[in-house]
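Novice: Take this structure, written in structure tokens, and hold onto it; I'll ask about it next.
The values are calculated or read from the model by the stated rules, or taken from the named source; none is laboratory data. Everything numeric in this text was worked out from a predicted model, so none of it was measured. A quick note on method: Cβ atoms are made from the backbone with ideal geometry, for glycine too, and the neighbour counts reach across all protein chains shown.
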Amino acid sequence: MPQPNAKTDQEAAAPAAVATKPGAIELTINGELFLHTGAPDMPLLWYLRDVLRLTGSKYGCGVGQCGACTVHVEGKAQRSCLLPVSALAGQSITTIEGIGAADDLHAVQQAWMEEDVPQCGYCQAGQIMAAVDLLKRKAQPSDADIAQLTNICRCGTYPRIRKAVRRAAQLLATSTNPAGAKS
Amino acid sequence: MSGINRRQFISVMLSAGGALIVGMRAAGAAFKPTVPIDMLGEPLTSLGAFVRIERNNRIVIGARGCEIGQGVMTSLPMLIAEELDADWARVRVEQLPYGYEIGPDGPTNRYGAQGAGGSTSIPDGWKDLRQVGAVARWLLLEAAAQHWQLPQDRLKTESSHVLHPDGTRMPYAELVERAAAILPPAEAVALKTPEQYRVIGKPARTVDALAIVTGKAAFGIDSYMGGALTAVMLRCPYLDGSVDSIDDSDTRKIAGVRDVFALPGPVLGSSLDTNLAAGVVVLADNTWAALKGRAALKVSWKQGPWAEESSAKLEAQATEALKGAGIAVRVEGDLDKARKAAKRTLEAKYQVPFLAHATMEPPHALIKIEPDRALFIGALQSPSGASRVIADLTGLAREKIEIRMTRAGGGFGRRLKNDYVAEAVMIAKKAGAPVKLMWSRDDDLRHDFYRPFGVHQLTATLDKKNQLTGFGHLCAATPVNYRNAGMKDEAAGIGCLEPDDFPAGLLPNLDKRFFALESGMPRGWWRAPLHTFHAFAVQSFIDEIAVETKQDAVALRLALLGEARELDYKGHGGPKFDTGRLAAVLTRCAEAIDWKRKRSDGRGVGIACHFTFGGYAAHAFEVSVDGRDLRIHRAICVIDVGRVVNPLGVDAMMMGGTIDGISTALNLAITVKEGQVVQGSFGDYAVGRMAQMPHEVEVIQIASEKEPAGAGEMGIPSVAPALANAIYAATTVRVRRLPILPELNRLL
């Protein structure tokens, strides 16, 4: 059942209250509950971008190859361009906007800044979401583990991504109150 | 003082003759330039078009360039901050829009050069943006001099403060109101000497990094507008083909689809800069509805004039063309005579494929057209070109067209073409509504302006001492001059064969000729355009000569370069080419890879060097080939771009250029079959991923006092030949055709 405080597509786009529709899809995004009332087969990426205007997740290929659209679904990295909203009913999604704030960065975001990783920056949200996921699975990733990151960066920032993942692993290991505990 | 006078601002521009003019204009008098909200603030806090000082002494600097990942949003404001003596740690940078306006002397750009191409942003900014900072600082000093009743020369500046001789520090913010009312000096202000630099030459991180890592940075695709419809287009897959018939009945049934209509392609044979292909437009409420609508279209196409074109036929055409006389690009001495007199003649043919740009952010355009004005928001490399395209297609005067450049998800030359801007304008006019045009990845790969395809036939003549006496470079390629109004009078070889490239001018007999191939494939500028394939052919061939004549490949190059001197270089990046600077990066690179050490563990080392757009680069790789698995153990890039403005940025460009070079050389080719582009995804156009890449690129920057060159393109041309040469050293297999991996697998 839709919860009374959840936002429909129309409310998310414009705050005016709209009566909830039967068949609406309920999903939690960055801790907030939403009701999707549009096309159920709309991929999560377009729901995030065109409906919620959460534009941090990027379109790069639309077929799950490049990873620019990577988000976390129930805490695991997924490529949102291929995930229909209908398959996500009741699930919890975290996007780049939800893993850390400007004044409370996730360790991976912090490391990304310290290593000055971004060039054009377009793929970086996806890269960061993939790296957060990797570090949850492997606290001290090996070279081979890092090489399993398959997100494409057309600018060629891979060597700095490598360094930033290692730095983030250190930050997470030494932090007493890790920001990385989030997500 | 009247309000208008108080709002005087300085504009700095280059006159037609190149002289620096620091002018004064009254805002709001003759024209109303577009100023971004963040640059507005209170009128009393602005010092010219680029600088604003907030009450809390934070300095806001406008970034005029198109940020495509090359770092101009950081490096160009650094030039202003340096001469302004601003505290860089507290500077905030804001993107400026396109600055076209009608001044007293006709059309001008209030911000100067804004395009991104040819690695010119830093050389251009070096000429005028330092003066912007220096004039603003002069005004603040003058304001302090008036306040303290002291001559200017007794005052100093430091970290956004003016210093009184007694040590009192006054923040710029307390002086800016008075400074804004002072007339700037008529003459150019003296600039700092290098030992006074506090910003230039110091590593600075990307100013937008926080916005990028938190997902807040706005790219073109992140722009939305109330009332805008989303457009996607099904473009004709046949080169210069057209729409025959459309069945849109299923498309129109899809919820959210608003309209479907055909859009004509460009007029065949025209040199107009316009849209690229005919097709069918789907207009919808959102991207997903538009994409679903497009997938449901049933369209039949007229195949057009190139339906028979294929990569195989182009190769055959090149072979045939090379038998002709071609167009002489640079011919000296007599290569035929040298061939007859030679003890030995070596020949080799190299082939390079078409390449797509594959920017991570595909083309996108958001446009709103009204009867008397237009607004464009998106990622560009040539805002002036976009402005002309919009003016041509709408009939609006250019000063009525507002262009807001966003960060671009990559450029690599793709956005020097404004076909997607033209498309969006055509669609918006037909739709009668603002339009957000989206391109999908397959649109992008199948409808690009590709790096030219070419076959390069190289010849070397050698005397009995194995000295080079002659060098021939025949290039049969699809000219880059393709439907570009600005290029219609250019030589056919431009963008394919550079007359003065190494080793021109270094041996007595030279024969460089161009052979134009006919093709329907659109061509354009791709990062370090001709240099990528030029360097591959020449630097591979030099390595072959060294192997064949049992000479050291570094020593051979150094002997050719000879003593350090400047040679004429007419192409972009000239007017001079310094043989000593190329020799220096090569020598340093050889040392860094330990060139002389014999490898016995199956590893091979390869090296190459090249001059691109005023920058000198050398690459060396240490590789091994195990079965079909190529491993890059070490990657070294040595670079001399003159004085370095942002060392961290130059390091990023060289690292990125090297990785881009590896990815492209190993994997990438666009091919054509039956008049259609074959590749359509990252599956068949496999941009390199982490696992294929060296863990590190060791970048070495040569300290230099020379005028700064740019850095966006120099890091790529010497990659492919150094890699192919390393593979030869490891395997004795010579790769003469790009991309490397399929060719290596064929040869092994």
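Novice: Suppose we keep only residues that are surrounded by fewer than 20 Cβ atoms within 10 Å (Cβ to Cβ) and among the hydroxyl-bearing types (Ser, Thr, Tyr) within the range B:570-623. Which one would you say is nearest to B:Ala559 (Cα to Cα)?
Specialist: My answer is B:Thr587.
Novice: Let me ask another. Within the group B:Gly410, B:Gly324, which residue is of a type outside the set (A, V, I, L, M) and over 25 Å from the mean Cα position of the chain (by Cα)?
Specialist: Values: B:Gly410 fails: over 25 Å from the mean Cα position of the chain (by Cα).
Among B:Gly410, B:Gly324, only B:Gly324 is of a type outside the set (A, V, I, L, M) and over 25 Å from the mean Cα position of the chain (by Cα).
Novice: Might you check whether a residue that is assigned to a helix (DSSP H, G or I) and either more than 14 Å from chain A (Cβ to nearest Cβ) or modelled with pLDDT of 95 or more (or both) occurs anywhere in the range B:59-72? It would help to see each step written out before you state the result.
Specialist: Of all residues in the range B:59-72, those assigned to a helix (DSSP H, G or I) come to B:72.
Still in the list and also either more than 14 Å from chain A (Cβ to nearest Cβ) or modelled with pLDDT of 95 or more (or both): B:72.
Looking through the range B:59-72, at least one residue is assigned to a helix (DSSP H, G or I) and either more than 14 Å from chain A (Cβ to nearest Cβ) or modelled with pLDDT of 95 or more (or both).
Novice: Return the residue satisfying two criteria in turn: it lies in the range B:379-408 and is polar (S, T, N, Q) and crowded, with 24+ Cβ neighbours inside 10 Å, and of such residues it is nearest to B:Tyr100 (Cα to Cα).
Specialist: B:Ser387
Novice: Can you name every residue in the range B:659-701 that is among the β-branched types (Val, Ile, Thr), facing chain A (nearest Cβ under 7 Å) and farther than 22 Å from B:Pro362 by Cα?
Specialist: In the first step, residues of the range B:659-701 are kept if they are among the β-branched types (Val, Ile, Thr); the result is B:659, B:662, B:664, B:670-672, B:677-678, B:687, B:697, B:699-700.
Narrowing further to those that are facing chain A (nearest Cβ under 7 Å): B:659, B:687, B:697.
Result: B:Val697, single match.
Novice: Starting from the range A:24-50, take each residue that is closer than 21 Å to A:Met129 by Cα and list its partners that are of a type in the set (Gly, Ala, Ser) and surrounded by fewer than 17 Cβ atoms within 10 Å (Cβ to Cβ), counting only C-beta distances under 6 angstrom and pairs at least six apart or across chains.
Specialist: That search, which allows pairs on different chains as well, returns A:Thr28/A:Ser92.
Novice: While we're looking at this one, here's another question. Could you identify the single residue in B:Ile369, B:Ile377 that is assigned to a strand (DSSP E or B), within 27 Å of the chain's Cα centre (by Cα) and either closer than 30 Å to B:Pro742 by Cα or assigned by TED's automatic domain parsing to the domain that holds B:Gly227 (or both)?
Specialist: Testing whether each residue is assigned to a strand (DSSP E or B), within 27 Å of the chain's Cα centre (by Cα) and either closer than 30 Å to B:Pro742 by Cα or assigned by TED's automatic domain parsing to the domain that holds B:Gly227 (or both) leaves just B:Ile377.
Novice: Taking the conditions exactly as written (in a loop (DSSP other than H, G, I, E, B), in contact (Cβ under 8 Å) with a residue 12 or more places away in the chain, over 23 Å from A:Ala173 (Cα atoms) and in contact with a Gly (Cβ under 9 Å, 6 or more places away or on another chain)), does A:Gly56 satisfy them or not?
Specialist: Numbers: in a loop (DSSP other than H, G, I, E, B): yes; in contact (Cβ under 8 Å) with a residue 12 or more places away in the chain: yes; over 23 Å from A:Ala173 (Cα atoms): yes; in contact with a Gly (Cβ under 9 Å, 6 or more places away or on another chain): yes.
Taking the combined requirement at face value, the residue satisfies it.
Novice: So, in the range A:27-73, exactly how many residues are more than 10 Å from chain B (Cβ to nearest Cβ) and over 25 Å from B:Val687 (Cβ atoms)?
Specialist: Residues flagged as more than 10 Å from chain B (Cβ to nearest Cβ) and over 25 Å from B:Val687 (Cβ atoms) within the range A:27-73 amount to 14.
Novice: Quick one: in the range A:95-110, of everything that is out of contact with any helix residue (DSSP H, G or I) (no Cβ under 8 Å at 6 or more places or on another chain) and under 22 Å from B:Ile221 (Cβ atoms), which residue is surrounded by the fewest Cβ atoms within 10 Å (Cβ to Cβ)? Steps first, please.
Specialist: The first filter runs over the range A:95-110 and keeps only residues out of contact with any helix residue (DSSP H, G or I) (no Cβ under 8 Å at 6 or more places or on another chain), leaving A:97-98, A:101, A:103.
Imposing the further condition that a residue be under 22 Å from B:Ile221 (Cβ atoms) reduces the set to A:97-98.
On the way: A:Glu97: 20, A:Gly98: 22.
Among them, the one singled out is A:Glu97.
Novice: So which of B:Glu674, B:Glu713, B:Glu707, B:Glu743 ends up being acidic (Asp, Glu), touching a Phe, Trp or Tyr at 6+ places or on another chain (Cβ under 9 Å) and over 30 Å from B:Met73 (Cα atoms)?
Specialist: B:Glu674
Residue by residue, here is whether (1) in a helix (DSSP H, G or I); (2) surrounded by fewer than 19 Cβ atoms within 10 Å (Cβ to Cβ); (3) modelled with pLDDT of 95 or more; (4) not assigned by TED's automatic domain parsing to the domain that holds B:Gly413 holds:
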| residue | (1), (2), (3), (4) |
| --- | --- |
| B:Tyr98 | no, no, yes, yes |
| B:Tyr111 | no, no, no, yes |
| B:Gln114 | no, no, yes, yes |
| B:Lys127 | yes, yes, no, yes |
| B:Ala136 | yes, no, no, yes |
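Novice: If you don't mind, another one. Would you confirm whether any residue within the range B:359-382 is over 20 Å from A:Cys123 (Cα atoms), within 14 Å of chain A (Cβ to nearest Cβ) and in contact (Cβ under 8 Å) with a residue 24 or more places away in the chain? Break it down stepwise before answering.
Specialist: So in the range B:359-382, the residues over 20 Å from A:Cys123 (Cα atoms) come out as B:366-377, B:382.
Of the ones still in play, those that are also within 14 Å of chain A (Cβ to nearest Cβ) are B:366, B:377.
Add one more test, that the residue is in contact (Cβ under 8 Å) with a residue 24 or more places away in the chain, and what stays is B:366, B:377.
Scanning the range B:359-382, I find at least one residue that is over 20 Å from A:Cys123 (Cα atoms), within 14 Å of chain A (Cβ to nearest Cβ) and in contact (Cβ under 8 Å) with a residue 24 or more places away in the chain, so the answer is yes.
Novice: Which one is surrounded by the fewest Cβ atoms within 10 Å (Cβ to Cβ) among residues in the range A:131-155 that are of a type outside the set (Asp, Glu), within 10 Å of chain B (Cβ to nearest Cβ) and assigned to a helix (DSSP H, G or I)? Even if it seems obvious, please write down each step before you answer.
Specialist: Keep residues of the range A:131-155 that are of a type outside the set (Asp, Glu), which gives A:131-132, A:134-142, A:144, A:146-155.
Now narrow it down to the ones that are within 10 Å of chain B (Cβ to nearest Cβ): A:144, A:146-155.
Next cut, assigned to a helix (DSSP H, G or I) only: A:144, A:146-147.
Values: A:Ala144: 8, A:Ile146: 21, A:Ala147: 17.
Going through the qualifying residues, I end up with A:Ala144.
Novice: Separate question: Can you spot a residue in the range B:312-322 that is in a loop (DSSP other than H, G, I, E, B), assigned by TED's automatic domain parsing to the domain that holds B:Phe515 and over 18 Å from B:Lys430 (Cβ atoms)?
Specialist: Taking the range B:312-322 as the starting set, the residues that turn out to be in a loop (DSSP other than H, G, I, E, B) are B:322.
After this cut, where a residue has to be assigned by TED's automatic domain parsing to the domain that holds B:Phe515 as well, the list is B:322.
Next, only the ones that are over 18 Å from B:Lys430 (Cβ atoms) stay: B:322.
Yes, that holds for at least one residue.
Novice: While we're on this one: Kindly indicate the residue of the range A:111-130 that is at the interface with chain B (Cβ under 8 Å from one of its Cβ atoms) and touching a Leu at 6+ places or on another chain (Cβ under 7 Å) and also surrounded by the fewest Cβ atoms within 10 Å (Cβ to Cβ) among those meeting that condition.
Specialist: A:Met113
Novice: Go through (1) in a strand (DSSP E or B); (2) under 27 Å from B:Val672 (Cα atoms); (3) among the basic types (Lys, Arg) for B:Arg330 and report which single condition fails.
Specialist: (2)
Novice: Hey, could you check the range B:163-205 for residues that are farther than 21 Å from B:Val72 by Cβ and in contact with a Ser or Thr (Cβ under 9 Å, 6 or more places away or on another chain) and say which is surrounded by the fewest Cβ atoms within 10 Å (Cβ to Cβ)?
Specialist: Among those residues, the one meeting the criterion is B:Arg169.
Novice: Select from the range B:178-219 the residues that are facing chain A (nearest Cβ under 7 Å), assigned to a helix (DSSP H, G or I) and within 23 Å of B:Glu54 (Cβ to Cβ) and list them in ascending order.
Specialist: Hits for the range B:178-219 are B:Ala209, B:Leu210.
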